[in-house]
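**Q** Dropping a structure here in structure tokens format, bear with me for questions.
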Amino acid sequence: MAQVQPDQPVKDAKRVQSLVYEALERNQTLPVALTSLHIQGGKNTRSSFLRAQVDDLLSRPYTVRTLLQALDDSAKRLNSFGIFKGVAYGLDLAAPQENLLGVVALEGTLLLQEASTKRLRTGTDVGNGEVSAYASGALLNVFGGAESLTIDANIGSQRRSSYIANYSTPIKNSHLWRADISGIASSSNKEWASHEQVLRGLRAKAVGPGAFGGTQEIGYEAFWRTVTGVTAHASESVRAAAGDSFKSAVFNTWTLDRRNDPLFPTEGFSIKLKNEVAGYWPNRQGDIQFMKGEVESQVAKSFWKENVTISLTGRGGLLWSFMKDGKTNIVDRFVLGGANDVRGFYLNRMGPRDEEDSVGGEAYAAGGLSLFSRLPGVTHSSPLRLHLFANAGSLLGLNRENPRETIAKLFKQPSVAAGVGLIYKHPVARFELNFTLPIAVRASEFPRKGFQFGLGMSFL
């Protein structure tokens, strides 16, 4: 068992790693055994948590090569918790043992340097029709087992306020699976549909590895939703949606991401599948019942030494009501359009319309083809790129008597826009300034010709 000595000073790295380490590296196939492991540092971390991460290193047969690989893997596993800013292993010769004939006995030392347990960030965001200010505070390693408590506050022009308190903890000390429990309260202005939405509720989920090397989220959420602040010029369908509803839902998200950069990929692909079922079980919890599914995929490929990159993105979704009247709630419907979505249209101004309100739909499909090129006279490492694009999308109400007809219509007559612009890749977000030209538009939609600015982490 690993011995935890959190209060002792960290040994000099030169003594811990010493010449023994160098000698071992020159004898990669030499049989060795790790007979003991001393942990120094990590005084704010539970000894039981640390032992759970490293005890499997002991009492196993190794060669020098496999031992060094195991120590490296263990260091990466400890770093993945985000509570250490320094993790290092050292090796020394141990006293010979009778049961290890022909095997070099080693003792190890794990040196830990803990990160700060408090974090605070503030800032502003501009993009996709939204100007907001945010503050985020976090307490890390709350109970000594890589738990975290995070509180986020956001105040903006569209999302008037959003407050999220989230508690996250590893499941059974695992570096692969985490459990998150969140309390959420938000109020947002849906100006495209002449009302405000207020959400209050809880969400719990487990996050871990999924099929085919992807990641999986499985969870449950319960939300009290209120459609309020209906304006004087609101349409009849928006007025009919005013009031409260309660959603009780289970959800699952599977993601496989093989892109070399999620913000601005030049190689690779990604796939995301999202499914949600609300209120449709024996006791029919909540007054909302539906099934909702979405798929999103992207592939990127570079040419001519990454001077030119082509990216193809596709998205689609379907919402099926289990209510007796077959109707869906405006809060649950899909929306489409905007600088981060189908460019060339005002924010969420595509799809079904009642008077001047875009009221969302139950089925959508969207796709985008982008070409990114290095600008003449700009270095290869510059985050600035020329952007040529064409995107198309459809958002429709669902014909429940003939769903296949609705799906066919999504692809027969999509709304289309094209344009040119500039992309700037910042370490935490992507900026786009495009000139857009709508080419094909449904009568119910609100196209936008001219300059359009987008900021975010996900674009069509």
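The values are calculated or read from the model by the stated rules, or taken from the named source; none is laboratory data. Please read all numbers here as calculations on a predicted model, not as lab measurements. As a convention, Cβ positions derive from the backbone with ideal geometry for all residues, glycine included, and neighbour counts pool all protein chains shown. Accessible surface is based on the protein model in full, side chains and every heavy atom, while ligands, DNA and RNA are left aside. Shrake-Rupley method; radii C 1.70, N 1.55, O 1.52, S 1.80 Å.
**Q** Out of all the residues in the stretch 300-313, is one or more closer than 30 Å to Val198 by Cβ and open to solvent by 40 Å² or more (accessible area, probe 1.4 Å)? Break it down into steps so the answer makes sense when it comes.
**A** The initial filter retains those residues of the stretch 300-313 that are closer than 30 Å to Val198 by Cβ, namely none.
No, the stretch 300-313 has no match at all.
**Q** Filter the stretch 215-227 down to the residues that are open to solvent by 40 Å² or more (accessible area, probe 1.4 Å) and of a type outside the set (Val, Ile, Thr) and list them by number. Quick ask: steps written out before the conclusion?
**A** Going residue by residue through the stretch 215-227, those that are open to solvent by 40 Å² or more (accessible area, probe 1.4 Å) are 215, 217-218, 220, 224.
Glu217, Tyr220, Trp224, listed by residue number.
Let's see how each residue does on (1) out of contact with any Leu (no Cβ under 8 Å at 6 or more places or on another chain); (2) β-branched (Val, Ile, Thr); (3) free of Cβ contacts under 8 Å to residues at least 24 places away in the same chain:
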| position | (1), (2), (3) |
| --- | --- |
| Thr309 | no, yes, no |
| Leu312 | no, no, no |
| Gly317 | yes, no, no |
| Trp320 | no, no, no |
| Gly326 | yes, no, no |
| Arg333 | no, no, no |
| Gly344 | no, no, no |
| Arg349 | yes, no, no |
| Pro352 | no, no, no |
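**Q** Okay, moving on. Which pairs have Cβ atoms under 6 Å, sit 6 or more apart or on different chains, and link a residue in the stretch 113-126 that is under 17 Å from Ser161 (Cβ atoms) and loosely packed, with under 10 Cβ neighbours inside 10 Å to one that is of a type in the set (A, V, I, L, M, F, W, C) and modelled with pLDDT under 90?
**A** Taking only residues 6 or more apart or on different chains, the pairs are Thr124/Ala133.
**Q** Would you check if Arg404 is modelled with pLDDT under 95 and either within 13 Å of Ala363 (Cα to Cα) or in contact with a helix residue (DSSP H, G or I) (Cβ under 6 Å, 6 or more places away or on another chain) (or both)?
**A** Numbers: modelled with pLDDT under 95: yes; either within 13 Å of Ala363 (Cα to Cα) or in contact with a helix residue (DSSP H, G or I) (Cβ under 6 Å, 6 or more places away or on another chain) (or both): yes.
So Arg404 fits the description; yes.
**Q** Of the residues Ala206, Ala242, Ala232, which is without any contact (Cβ under 8 Å) to a residue 60 or more places away in the chain, hydrophobic (A, V, I, L, M, F, W, C) and more than 24 Å from Val277 (Cα to Cα)?
**A** Numbers: Ala206 fails: more than 24 Å from Val277 (Cα to Cα); Ala242 fails: more than 24 Å from Val277 (Cα to Cα).
Just one listed residue meets the conditions, Ala232.
**Q** Another question, then. Here's a check for you: in the stretch 437-453, which residue that is touching a Leu at 6+ places or on another chain (Cβ under 8 Å) and more than 20 Å from Gly351 (Cα to Cα) is most open to solvent (accessible area, probe 1.4 Å)?
**A** Filtering the stretch 437-453 for residues that are touching a Leu at 6+ places or on another chain (Cβ under 8 Å) and more than 20 Å from Gly351 (Cα to Cα), the one most open to solvent (accessible area, probe 1.4 Å) comes out as Phe451.
**Q** Could you identify the single residue in Pro414, Pro383 that is surrounded by 13 or more Cβ atoms within 10 Å (Cβ to Cβ) and over 27 Å from the mean Cα position of the chain (by Cα)?
**A** Details: Pro383 fails: over 27 Å from the mean Cα position of the chain (by Cα).
Sole residue among the options that is surrounded by 13 or more Cβ atoms within 10 Å (Cβ to Cβ) and over 27 Å from the mean Cα position of the chain (by Cα): Pro414.
**Q** Also: Given the options Leu120, Leu106, Leu110, name the one that is modelled with pLDDT of 85 or more, assigned to a strand (DSSP E or B) and within 30 Å of Ser458 (Cα to Cα).
**A** Values: Leu106 fails: within 30 Å of Ser458 (Cα to Cα); Leu110 fails: within 30 Å of Ser458 (Cα to Cα).
Testing whether each residue is modelled with pLDDT of 85 or more, assigned to a strand (DSSP E or B) and within 30 Å of Ser458 (Cα to Cα) leaves just Leu120.
**Q** For the structure I just gave you, tell me whether Ile407 is among the aliphatic types (A, V, I, L, M) and open to solvent by 70 Å² or more (accessible area, probe 1.4 Å).
**A** Yes.
**Q** So, one more: Considering only the stretch 192-214, state which residues are crowded, with 17+ Cβ neighbours inside 10 Å and not small (Gly, Ala, Ser).
**A** Trp192, His195, Glu196, Gln197, Val198, Arg203, Lys205, Val207 - these are the residues of the stretch 192-214 that are crowded, with 17+ Cβ neighbours inside 10 Å and not small (Gly, Ala, Ser).
**Q** Which ranges mark the helices (runs of 4 or more DSSP H) fully within the stretch 1-94 that have 3 or more residues being open to solvent by less than 40 Å² (accessible area, probe 1.4 Å) and modelled with pLDDT under 75?
**A** In the stretch 1-94, 13-25 are the helices (runs of 4 or more DSSP H) which contain 3 or more residues that are open to solvent by less than 40 Å² (accessible area, probe 1.4 Å) and modelled with pLDDT under 75.
**Q** Take the conditions within 25 Å of the chain's Cα centre (by Cα) and either surrounded by 19 or more Cβ atoms within 10 Å (Cβ to Cβ) or not aromatic (Phe, Trp, Tyr) (or both) and apply them to Ile423. Does it pass?
**A** Details: within 25 Å of the chain's Cα centre (by Cα): yes; either surrounded by 19 or more Cβ atoms within 10 Å (Cβ to Cβ) or not aromatic (Phe, Trp, Tyr) (or both): yes.
It is true that Ile423 is within 25 Å of the chain's Cα centre (by Cα) and either surrounded by 19 or more Cβ atoms within 10 Å (Cβ to Cβ) or not aromatic (Phe, Trp, Tyr) (or both).
**Q** Tally time: how many residues in the stretch 152-206 are modelled with pLDDT under 90 and acidic (Asp, Glu)?
**A** 0
**Q** Do the conditions hold for Asn434, that is, is it touching a Lys or Arg at 6+ places or on another chain (Cβ under 9 Å) and crowded, with 19+ Cβ neighbours inside 10 Å?
**A** Details: touching a Lys or Arg at 6+ places or on another chain (Cβ under 9 Å): yes; crowded, with 19+ Cβ neighbours inside 10 Å: yes.
It is true that Asn434 is touching a Lys or Arg at 6+ places or on another chain (Cβ under 9 Å) and crowded, with 19+ Cβ neighbours inside 10 Å.
**Q** OK, next. Taking the stretch 135-146 only, how many residues are buried (at least 17 other Cβ atoms within 10 Å of the Cβ) and part of a strand (DSSP E or B)?
**A** Going through the stretch 135-146 one residue at a time, the tally reaches 2.
**Q** Could you tell me whether Leu176 is in a loop (DSSP other than H, G, I, E, B) and in contact with a strand residue (DSSP E or B) (Cβ under 7 Å, 6 or more places away or on another chain)?
**A** Details: in a loop (DSSP other than H, G, I, E, B): yes; in contact with a strand residue (DSSP E or B) (Cβ under 7 Å, 6 or more places away or on another chain): yes.
Yes.
**Q** Leu149 versus (1) open to solvent by 50 Å² or more (accessible area, probe 1.4 Å); (2) closer than 30 Å to Ser358 by Cα; (3) at pLDDT 95 or above: which is the lone unmet condition?
**A** Of the numbered conditions (1) open to solvent by 50 Å² or more (accessible area, probe 1.4 Å); (2) closer than 30 Å to Ser358 by Cα; (3) at pLDDT 95 or above, the odd one out for Leu149 is (2).
**Q** I would also like to ask the following. Would you confirm, using the coordinates I've provided, whether Arg353 is in contact with a Phe, Trp or Tyr (Cβ under 9 Å, 6 or more places away or on another chain) and surrounded by fewer than 23 Cβ atoms within 10 Å (Cβ to Cβ)? Write out each step before concluding.
**A** Details: in contact with a Phe, Trp or Tyr (Cβ under 9 Å, 6 or more places away or on another chain): yes; surrounded by fewer than 23 Cβ atoms within 10 Å (Cβ to Cβ): yes.
Here the answer is yes, as Arg353 does meet what is asked.
**Q** Limited to the stretch 317-350, what total is found for residues that are touching a helix residue (DSSP H, G or I) at 6+ places or on another chain (Cβ under 8 Å) and either within 19 Å of Val416 (Cβ to Cβ) or open to solvent by less than 10 Å² (accessible area, probe 1.4 Å) (or both)?
**A** Count: 5.
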